[in-house]
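The values are calculated or read from the model by the stated rules, or taken from the named source; none is laboratory data. Everything numeric in this text was worked out from a predicted model, so none of it was measured. Cβ coordinates were reconstructed from backbone atoms using ideal geometry, including for glycine residues, and neighbour counts include every protein chain displayed. Remember, those area values only see protein heavy atoms, side chains included, never the ligands or the DNA or RNA. Shrake-Rupley method; radii C 1.70, N 1.55, O 1.52, S 1.80 Å.
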Amino acid sequence: MGSRKVVRPELFPARWTCRGNRGIQKNIWGCKGVIRHSPDIMPVCEVLLDSGSSLPDDTSLEKLLDWFSGLIEPGEGGALLEAHPCLLEFISAVVHKPSSDPSVISFVLKVCGLVAAAEDAFKMLQAHSILDLAFNHQHWHRAGLWEDPCVRIGWIQGLRKMLQHLEALRFFVQADLIPELLQLQTDSSLFVVSAANQLLAHILLFFQPAFPTRRNGVHMEHDDMMSHARITETDLPEVHTETSKCYAAVVVTILEYINESLVTKDNSQLRQSRQILKVLVPLLAQAGPFLRDKLLQSVTDSLEELVTAGYSQLTLPLMDVILAAHSSLSPDDPDQRMGRLLSSMLNVNKPSDLIHAAAAVLHRGHQDTVHTARAVRILLLPLDIITGHTLLGTNTADEEHQCSMAEQLKSKTSCISLICVCLTNAPHVTLMPADILPCPPCSIVAAVVSLLSICSGCVSSSSSGHAEVFRNVIGSSKVQKCALEAVTRLSSSPGVKDELTEVFTVLIRYLSNPDSDRTIIHKSYQALVKWTIVCKDLSSIKDQLRQDLTDVVKKRVCDMRWEVRDSTVEFLGQLAGVLKSPEMERDTSEALLDSCCCLTLLREALRDPESYVRASAIAALGQTLAHSWQQGAALTQEQTDVVNQLLEILSQDTEGFARRAVMQYFLAWFSSCASHTSPPSSSRSSLLMSSLSSVLSLGTADLDWEVKVHSLELAELLLDKAFSGCPDYRKPSERPCASLHPYAVVSDQTYAVHRHTPGVECDLSDVLNNLVKQGVVSALLSGLVDCDRPVGLKACQLLISLRETVGPPSKDEVNATPTTAAVAKVTCEVPSCGWGKEIRRILGMKTCDEDEEADLTADECGDMRKQGKGEGGRSVSVSVCEMLRSLGLDARLDILSQSSDHVHNSPLSLLQDIVMSSATHTQTNTQPGQEVIVDCY
Amino acid sequence: MMALPYITEHTGFTGTVYATEPTLQIGRLLMEELVNFMERVPKSQSATCWKNKEIQRLLPCPLKDAVEVWTWKRSYSMQEVNSALSKVQLVGYSQKVELFGAVQISPLSSGYSLGSSNWIIQSHHEKVSYVSGSSLLTTHPQPMDQSSLKNSDVLILTGLTQMPTANPDGMLGEFCNNLAMTIRAGGNVLVPCYSSGVIYDLLECLYQFIDSANLGTTPFYFISPVANSSLEFSQIFAEWLCHNKQSKVYLPEPPFPHAELIQTNKLKHYPSIHGDFSSEFRQPCVVFTGHPSLRFGDVVHFMELWGKSSINTIIFTEPDFSYLDALAPYQPLAMKCVYCPIDTRLNFHQVAKLLKEVQPLHVVCPEQYTQPPPSQSHRSDLMLELQPPPVPYRRCSVLNLPFRRRYERVYILPELANSLVPSEIKPGISVATVSAVLHSKDNKHTLQSVPKPPPVPPSKKRKRVMEEPPVVQAPKPLLSGAVPLEAFLATLQKHGITEVKVEETVDGHILHLQADDTLIQLEEDGTHIVCDNNEPLRTTLRDLVLRFLQKL
């Protein structure tokens, strides 16, 4: 959605309204450090000062702030004030005028902080007594604006931006802002609380004394800025005595607050405790020794108290803090309090808290062997109990937890939650070193497989699992999904290949189970593919199992649910891709599924009523046949039929997905044949080449822009192949000026042909003639004038490449070689309607029958072109080189390279929006009958 | 329903049978079909020697394991069917039917099939619900009426699904998948089924599936002597259908989409394989026909025709028969066999939810429901776990339902009610004594005024005196209230009784009037004066006590 822009010259200097001068605009808007060229913001400041409430939308001020942030280099806030003297006045005026709109005040506070982040600008603002007033919360209290959360947010974020240097810290302390900041830690607005938390952490971390780099893998956000702001330990006594006092005072106050707020008096304060714990995690992870020691001294008692209290809601944040603290200390730390706290957390008697604490140990990559081993045992406990597989041995130390866990598992809700945590972590557990694991990874796989069997109701009477728990997991799709995900990930665990048959058996059972929902079937297929990839040796899979898989696939490809049919054909393609990938060359007898059977199923799926399934079937066919393309095997009748079917889909299918898939099929085929070293069979090659012309013409005439882009990609491959011997040819992607637009269409698959070996001369005129005959040039020309920008862009890039390769510098060049002369004679038919008409218009051509043609509708043109009548009757032959030179391709590329919303998203547009919105607002106020007309699209 | 003639025609039954209209009509169709199937292949003689135990044990399975073979009966005739159905009295959902004045019965929709019912049996103070085959799934019949089952003293739970592990949705999917797979491979599909019930849902499901599976050109045949009636009957019982289908009637459209299948010639129905069918038969095709036991009916012919080819498939959908037993006589069989029992009746999970919702005081159910199936002893999810535990019963066991009838409703005639003089004993509670004649007839009790004795003519016949009703004496007033101890002692003292020793007991107090050797027991529900040989004192004491009590 957006509003239509009308540039009003009276609001801005003339040069900004000149649309033709795009080069200048791009330079100004696109680069930092050119503040002096930025537009006059005075009108905007005036508008904001007068009528902040009439903003076009609530993101305008955010965008304006982003623009300011982009303009300012770190530490150069003063430059912004110099470039825009009105900004200082504006800030001052808003600060002194508390009747302004709260959103404008918030914006001004943030701008104030942004500017004051540079010391020189800070001093300038101080000299104008702006900062004292702006960050005096009492001032806003008195004006009754402090109640508005956006003012409080502005205050916090302004401070956050400003606190980048020691002067700012000094100001912060002297203005006694810290009590208010602490007050805001318990604000009613969650956003304010979060921002206040971050500011607290920022102050502690940013100004802490420098320390030798030991970051525990944590990314330090403000590295550059910190280097000059941080108080070094040597600095403390001498240079920055006053500042260090400031910092010390801040630290003491904040730590006191943290310590007091950490321990809750009752349940209602748990939210506050959780917030403080969340702040503590980054603090501990990033703090230097000085701050870390202070923090630990201050909070350890409170942490112990919280651990003893055993609040379930605090388990995870508490674990995060303890783990952060524990890993920040050296292993030989004499004070083992954190270690003891960790042990306590891994010994609580509430199974749900216990398992979450254990999961946290694993997630945070804790290095301590003892605690990790303990966490692993806890995580495997539910699986051990339910399945009866002795994963934990006969260790009696877990007996107490075993009882409470078993009891908890009898409740359906907690059972599902516990087992899901266990399953989510099981793959991670198997990757642990052997001395930490209580059992080999294959036992864990066996247990998960057994759980999957239980979930589907297959419980053998000899099962030693906990029968009372079975009722909670039988038929639970959540547990089934979790277990299937776990099985998929477990495929990459060491030493689990022996379980292949069991895994296949249970997965095939899931696939054939009538009650399996679509997600479960999809996940089962994914697991099968993953295990097939990992286990290179499939000889252990018995024939019966292979037959079962074939049967189930045959059944599922007829399923009532299109999602299941889609997953099935996708699986067939993936399986073909896996089994035939070069690194997994296998004997055909090892194939899990008979390839003939697969091909038949996929061909049937091409007639599926659901377009997604058809598209997947086409993709799967591509994967299935890729091997024979690469091998250059002889063409079979079946493969010819497939090509005919695909061409039929491309010309007749009503859905874009299927047609896109067909284009990708041909792209992959052509790319594969062109790049593979083995000689293709002649029949196969001729089928491909004869199809390409139809594919190109159908693809470029398609209504779907992605299909058209794919056609151009095919044209690009044909160009690559045609010019492979030509040293002047460079692909668009290799061109230095080719920059990819963020919205540009990129194939998820890179198609490429092998470049020809140098030294082989190519006859350019022949090549060009061939390209014209194949329809490549027509495809590019029609793409150039296409209404879809990505299509035009791609076509333009390719035409420029073509021009650079074949086009002589000028037609008047007297020294034209015979080759260039021959090339110049190559012509191309430009039809008189459709894209041809547009091309002719660009070329400035006028034909006698143009008026008559104007009466032809686009459909008629399309029909004629398809029948080959249009070109024959009224088309004209135009020299390709001449055309390439005259189409103004460079200018066109310039236009097409810009996103369609580049005007809409420019700062100039933003400023205009704000000013015009105010004007409209004023008008609306004076003329109540008039409505604001906004184009929505 | 199918056994009704055996009950009404062979047991001396003289009562009334209550049934809903679809039950009657569709029941008639099914019985008619059965009789037709049987009469097509009349047996010249019946063999009974094999029933001798000595011979029976020599027979192959499953005959040698059959029990009570002497009780097996021949199939009934159409005449018996008509006779049985003539005893049926039609009832509608929620209609109340009085049985001997003792109880009211009322059918409720059970959601399982057209006209299928659960029953409420209630007196004025007790309510028993009988839940038979019921379904909570959204299929064609009216949804199950759950709310009327609330507040039951006892809920008798029967007719749960025979296939607790087979989810009907999954089975329906399986049915369609296998059907499509066979047709695509050029084979035929045989579906042995009843001519009413699940077949409507199967056809509806196929109606949606045909196009998505590219089966548009495959013919579907429904062969049964009652095929036409069944398909048409289903369309006219609009009031017994689910809301969606009911609303179609007002469009107007046929409620079931099989009408469209018939119109477009995708579904064709025939009374038998002879006649038109043989000339229009085209393969590959899908055939729905009976009988699902595979022992008689047109299905037998198709088994013979298609059984030898592995490209054909037989798909069992009826849960009533073991498919292995059904197929036993046809072995060896090349045709593919798929078992997709579609049983939409309640499963254990649904029952648990239902009972949580309706909260009966007690549940009575077959013993089998209270433990996991013997073959799946670990499946603790396939049993009922209730608090209090359900009362199990076995076949032929006689149960005392776990409640006692404590109250009976008695009506008072208006003129009698008019004569009552209520007095308020507590705020909002008034009491009156009534003297009346209790008149009981057909389990209805009415209090009528006591007829006044006719004035005796002074001069006439003394002999008639004997026939006159006894003169009813006015009843003694009923006392209520409590005797307050302190006030009573004060009163005693006022009357000169001073030497009173008060002893506290569990139920009240004992006052010992030591001077007179008299005891007064003041208890919550009675006062006793034990006073020997001192009638004046007893009378005085009685009067003193009466001062504190209310008289009715």
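Take B:L511 and tell me if it is of a type in the set (A, V, I, L, M, F, W, C), open to solvent by 50 Å² or more (accessible area, probe 1.4 Å) and not in a helix (DSSP H, G or I).
Values: of a type in the set (A, V, I, L, M, F, W, C): yes; open to solvent by 50 Å² or more (accessible area, probe 1.4 Å): no; not in a helix (DSSP H, G or I): yes.
Answer is no for this residue.
Scan the stretch B:385-422 for residues that are of a type in the set (D, E) and either within 20 Å of the chain's Cα centre (by Cα) or open to solvent by 100 Å² or more (accessible area, probe 1.4 Å) (or both) and jot them down. B:E385, B:E415, listed by residue number. Among the numbered conditions (1) buried (at least 21 other Cβ atoms within 10 Å of the Cβ); (2) without any contact (Cβ under 8 Å) to a residue 60 or more places away in the chain; (3) among the charged types (D, E, K, R), the only one that B:K245 does not meet is (2). Among the residues making up the stretch B:62-85, those that are within 11 Å of B:R28 (Cα to Cα) and either among the aliphatic types (A, V, I, L, M) or loosely packed, with under 11 Cβ neighbours inside 10 Å (or both) are B:M78, B:V81, B:A84, B:L85.
Of all residues in the stretch A:428-472, those satisfying the criterion of being within 14 Å of chain B (Cβ to nearest Cβ), part of a loop (DSSP other than H, G, I, E, B) and either closer than 25 Å to A:A359 by Cβ or in contact (Cβ under 8 Å) with a residue 24 or more places away in the chain (or both) are A:S456, A:C458, A:S463, A:S464, A:G465, A:H466. Taking the stated definitions as given, is B:F175 more than 14 Å from chain A (Cβ to nearest Cβ) and buried (at least 23 other Cβ atoms within 10 Å of the Cβ)? So B:F175 fails the test. Filtering the stretch B:1-22 to residues that are closer than 29 Å to B:A227 by Cβ and open to solvent by 40 Å² or more (accessible area, probe 1.4 Å) leaves B:M1, B:M2, B:A3, B:Y6, B:I7, B:E9, B:Y18, B:E21. Figure legend. Inter-residue proximity from the stretch A:374-385: first residues farther than 10 Å from A:C422 by Cα, second residues open to solvent by 10 Å² or more (accessible area, probe 1.4 Å) and assigned to a helix (DSSP H, G or I), beta-carbon distance below 6 Å, spacing 6+ or different chains. Indicated pairs: A:I385/A:A406.
Total residues in the stretch A:364-403 satisfying the condition of being modelled with pLDDT of 85 or more and not hydrophobic (A, V, I, L, M, F, W, C): the figure is 10. Residues in the stretch A:144-154: is at least one in a helix (DSSP H, G or I), modelled with pLDDT of 90 or more, surrounded by fewer than 21 Cβ atoms within 10 Å (Cβ to Cβ) and not aliphatic (A, V, I, L, M)? Among the residues of the stretch A:144-154, at least one is in a helix (DSSP H, G or I), modelled with pLDDT of 90 or more, surrounded by fewer than 21 Cβ atoms within 10 Å (Cβ to Cβ) and not aliphatic (A, V, I, L, M), which makes the answer yes.
In summary, B:D543 fulfils each of the numbered conditions (1) part of a loop (DSSP other than H, G, I, E, B); (2) modelled with pLDDT of 85 or more; (3) open to solvent by 60 Å² or more (accessible area, probe 1.4 Å); (4) closer than 24 Å to B:S423 by Cα with the single exception of condition (1).
Among the residues of the stretch A:509-528, those that are away from chain B (no Cβ under 14 Å) and either of a type in the set (G, A, S) or open to solvent by 10 Å² or more (accessible area, probe 1.4 Å) (or both) comprise A:T519, A:H522, A:K523, A:S524, A:Q526, A:A527.
Taking the listed residues B:E68, B:E98, the one that is closer than 30 Å to B:L324 by Cβ, at pLDDT below 95 and among the acidic types (D, E) is B:E68, with no other qualifying.
Could you identify the single residue in B:K268, B:K308 that is outside any helix (DSSP H, G or I) and open to solvent by less than 60 Å² (accessible area, probe 1.4 Å)?
On the way: B:K308 fails: open to solvent by less than 60 Å² (accessible area, probe 1.4 Å).
Criteria check complete, one pass: B:K268.
Of all residues in the stretch B:36-57, those that are in a loop (DSSP other than H, G, I, E, B) and either among the β-branched types (V, I, T) or surrounded by 11 or more Cβ atoms within 10 Å (Cβ to Cβ) (or both) total 3.
With in a helix (DSSP H, G or I), out of contact with any strand residue (DSSP E or B) (no Cβ under 8 Å at 6 or more places or on another chain) and touching a residue at least 60 places away in the same chain (Cβ under 8 Å) as the only criterion, which of A:S417, A:S343 stands out? Working first, answer last.
Details: A:S343 fails: touching a residue at least 60 places away in the same chain (Cβ under 8 Å).
From the options A:S417, A:S343, the qualifying one is A:S417.
When the residues of the stretch A:180-193 are narrowed to those that are part of a helix (DSSP H, G or I) and touching a residue at least 40 places away in the same chain (Cβ under 8 Å), which ends up most open to solvent (accessible area, probe 1.4 Å)? Don't jump to the end; show me each part of the working.
Step one: of the stretch A:180-193, the residues part of a helix (DSSP H, G or I) are A:180-186, A:190-193.
Filter again for touching a residue at least 40 places away in the same chain (Cβ under 8 Å), leaving A:180, A:182, A:185-186, A:191-193.
Numbers: A:E180: 24, A:L182: 21, A:Q185: 7, A:T186: 71, A:F191: 161, A:V192: 0, A:V193: 2 Å².
It comes out as A:F191.
Go through the stretch A:473-482 residue by residue and tally those that are of a type in the set (S, T, N, Q) and in a helix (DSSP H, G or I).
Quick first cut of the stretch A:473-482, residues of a type in the set (S, T, N, Q) only: A:476-477, A:480.
From the residues that got through so far, the ones that are in a helix (DSSP H, G or I) too are A:477, A:480.
Total satisfying the criteria: 2.
Looking only at residues in the stretch B:184-210 that are of a type outside the set (G, A, S), within 22 Å of A:V557 (Cβ to Cβ) and more than 9 Å from chain A (Cβ to nearest Cβ), the one that is surrounded by the fewest Cβ atoms within 10 Å (Cβ to Cβ) is B:Y207. Of the residues making up the stretch A:606-624, just one is within 13 Å of another protein chain (Cβ to nearest Cβ), open to solvent by 10 Å² or more (accessible area, probe 1.4 Å) and either within 26 Å of the chain's Cα centre (by Cα) or small (G, A, S) (or both), namely A:Y612. Only one of the numbered conditions (1) facing another protein chain (nearest Cβ under 10 Å); (2) over 34 Å from the mean Cα position of the chain (by Cα) is violated by A:E499, and that is (1).
Just one of (1) surrounded by fewer than 24 Cβ atoms within 10 Å (Cβ to Cβ); (2) away from every other protein chain (no Cβ under 14 Å); (3) more than 33 Å from the chain's Cα centre (by Cα); (4) assigned to a helix (DSSP H, G or I) fails for A:F504. It is (1). Please go through the stretch B:211-231 and pick out each residue that is surrounded by 21 or more Cβ atoms within 10 Å (Cβ to Cβ) and more than 10 Å from chain A (Cβ to nearest Cβ). Listed by number, the residues that qualify are B:T218, B:F220, B:Y221, B:F222, B:I223, B:S224, B:P225, B:V226, B:A227, B:S230, B:L231. Applying a threshold of 9 Å to beta carbon distances and a minimum spacing of six or more residues, or different chains, the list of pairs starting in the stretch A:476-498 at a residue that is open to solvent by 10 Å² or more (accessible area, probe 1.4 Å) and ending at one that is aromatic (F, W, Y) and modelled with pLDDT of 95 or more reads A:Q480/A:Y510.
Could you please find all residues in the stretch A:251-289 being of a type in the set (K, R), part of a helix (DSSP H, G or I) and over 38 Å from the mean Cα position of the chain (by Cα)?
At the first step, the residues of the stretch A:251-289 found to be of a type in the set (K, R) are A:265, A:271, A:274, A:278.
Add one more test, that the residue is part of a helix (DSSP H, G or I), and what stays is A:271, A:274, A:278.
Result: no residue meets the conditions.
When B:K96 is tested against (1) within 14 Å of chain A (Cβ to nearest Cβ); (2) free of Cβ contacts under 8 Å to residues at least 40 places away in the same chain, exactly one condition is not met: (1).
Take B:F288 and decide whether it is in contact with a helix residue (DSSP H, G or I) (Cβ under 8 Å, 6 or more places away or on another chain), part of a loop (DSSP other than H, G, I, E, B) and either within 14 Å of another protein chain (Cβ to nearest Cβ) or touching a residue at least 40 places away in the same chain (Cβ under 8 Å) (or both).
Details: in contact with a helix residue (DSSP H, G or I) (Cβ under 8 Å, 6 or more places away or on another chain): yes; part of a loop (DSSP other than H, G, I, E, B): no; either within 14 Å of another protein chain (Cβ to nearest Cβ) or touching a residue at least 40 places away in the same chain (Cβ under 8 Å) (or both): yes.
The answer is no for B:F288.
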